[in-house]
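The values are calculated or read from the model by the stated rules, or taken from the named source; none is laboratory data. What you see is a predicted model, and the numbers here were worked out from it, not measured in a lab. Cβ: placed from backbone, ideal geometry, glycine included. Neighbour counts: every protein chain shown. Ligands, DNA and RNA are stripped out before the accessible areas are found, and what is left, the full protein with its side chains, is counted by its heavy atoms. Shrake-Rupley method; radii C 1.70, N 1.55, O 1.52, S 1.80 Å.
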Amino acid sequence: MDKDFLGGLGEAIERGMKRLNVPGASVAVTRGKELLFSEAFGYADLEKQAKMKTTTLLPIGSCSKSFTAAAVVMLAGEGKLDLDQPVRRYMPEFDLADPVAAREATARE
């Protein structure tokens, strides 16, 4: 796949933003370590009419939990982590208010 494959992506993003009433977005497409596309669209702040930039920091809320879960499952699939072993086997500093739970918690739980 070459970068021409991404032709029209910006226009498609703008159409989608309009359809979904999204004021701003920043999109990056990578292949391995190669950045194929990076562009900002719309506004970071509608009230102030501040344009979105590729460097604009956006709150992602609880999405980081999904990213972490996906990474853990990928590591398990590669045999680098066992979902049924205590988290402390991989992260000795892992701690919870309940010492037994901290000692016994696994990624599967």
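Pairs of Cα atoms in the chain fall into 5 Å distance bins, from 0 up to the last occupied one, in shares of 2, 9, 13, 14, 14, 11, 9, 10, 11, 5, 1, 0 percent.
The mean sequence separation of alpha-carbon pairs under 8 Å and at least six residues apart, normalised by the residue count of the stretch 1-102, gives a relative contact order of 13 percent. Residues within the reach of a label modelled at Ala76 (point 7 angstrom out along Cα to beta-carbon, backbone nitrogen below 15 Å), restricted to the stretch 90-109, are 90, 105-109. Relative to the 2.2 N^0.38 Å rule of thumb, the stretch 47-106 has a C-alpha radius of gyration ratio of 1.68. Think of a 1.4 Å ball rolled over the protein heavy atoms: the stretch 24-94 then has 76 Å² of accessible area per residue. Between 0 and 90 degrees, the angle of helix 63-77 with respect to the longest Cα principal axis of the chain falls at about 60 degrees. By the helix-only formula, in which each DSSP H run with n ≥ 4 contributes -39500 (n - 2.57) and the sum is divided by residues, the chain has a 222 nm mean residue ellipticity of -9000 deg cm²/dmol. The share of accessible area on the chain that comes from carbon and sulfur is 57 percent, using a 1.4 angstrom probe. Qualifying trypsin sites (Lys or Arg not before Pro) in the stretch 41-83, where qualification requires a DSSP coil assignment and no more than 14 other C-beta atoms within 10 Å, comprise Lys48, Lys53, Lys80. Projecting the Cα atoms of Leu6, Ser64, Ala101 onto the dipole axis of the chain, where Lys and Arg carry +1 and Asp and Glu carry -1 at the beta carbon, places Leu6 farthest toward the positive end.
For the chain, a Gaussian network of Cα nodes joined below 10 Å ranks Leu81, Leu96, Leu20 by mean-square fluctuation, and the top entry is Leu96.
Two numbers describe the Cα atoms of the stretch 17-60: Rg and Dmax, which are 11.8, 37 Å.
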